[in-house]
Amino acid sequence: MIIDHLELSTGQFDDMCAFYDAVLAPLDVIRIVAGSPAGYGRGERLPFWIRLGDPITRYVHYAFACLTRAQVHHAFDAARALGAAGLREPKLHPHIDPNYYAAYAYDPDGHLIEFVCRSEAER
């Protein structure tokens, strides 16, 4: 992995935390550090952070790794339940890789987020 962690600034701290609490839960990623900044991860590693501040105003796109295609669906469903905009249904993207299975949505600040699984289909 190239990126150790990612931190986003937002003026909608509570909305962003509620959104990421919901969409990351199916990936077994939880908010471990409360307050601002809020840190998300599994165990001791916290690769994703949200802090109160001036929001990023330029295009941002990032992807969360899913272990299974089912996790892609669960995260996508959580985003849809929260009314996320710009949803692109889970599907294969063979032009990227034969096993690249992904779904897309926008978070409350308008960042394009992706949920991606690179494993073969579950049997």
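Where a number appears in this text, it was derived from the coordinates with a stated rule and is not lab data. All figures in this text were calculated on a predicted structure; none of them were measured in a lab. Please note: Cβ atoms are built from the backbone with ideal geometry, for glycine as well, and neighbour counts cover all protein chains shown.
Some values worked out for this structure:
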read-out: Net +/- balance of residues flanking Val23 in space, Cβ distance below 13 Å, scoring K and R +1, D and E -1; value: -4
read-out: Two-site FRET efficiency, Arg42 against Ala85, from Cβ-Cβ distance with R₀ of 30 Å, rounded to 0.05; value: 0.60
read-out: Stretch gain in nm, segment Ala121-Val33, where the contour uses 0.36 nm per residue and the Cα spacing is subtracted; value: 28.3 nm
read-out: Bridge type composition, the chain - antiparallel percent by DSSP, nearest 5; value: 60 percent
read-out: Degrees between helix 69-81 axis and first principal axis of the chain (Cα, 0 to 90, nearest 10); value: 50 degrees
read-out: No Cys partner within the rule (Cβ under 4.7 Å), the chain; value: Cys17
read-out: Net charge contributed by nearby residues that have their C-beta within less than 12 Å of Tyr100 (K/R +1, D/E -1); value: 0
read-out: Extension gain (nm, one decimal) between Asp21 and His93, 0.36 nm per residue minus Cα-Cα; value: 23.2 nm
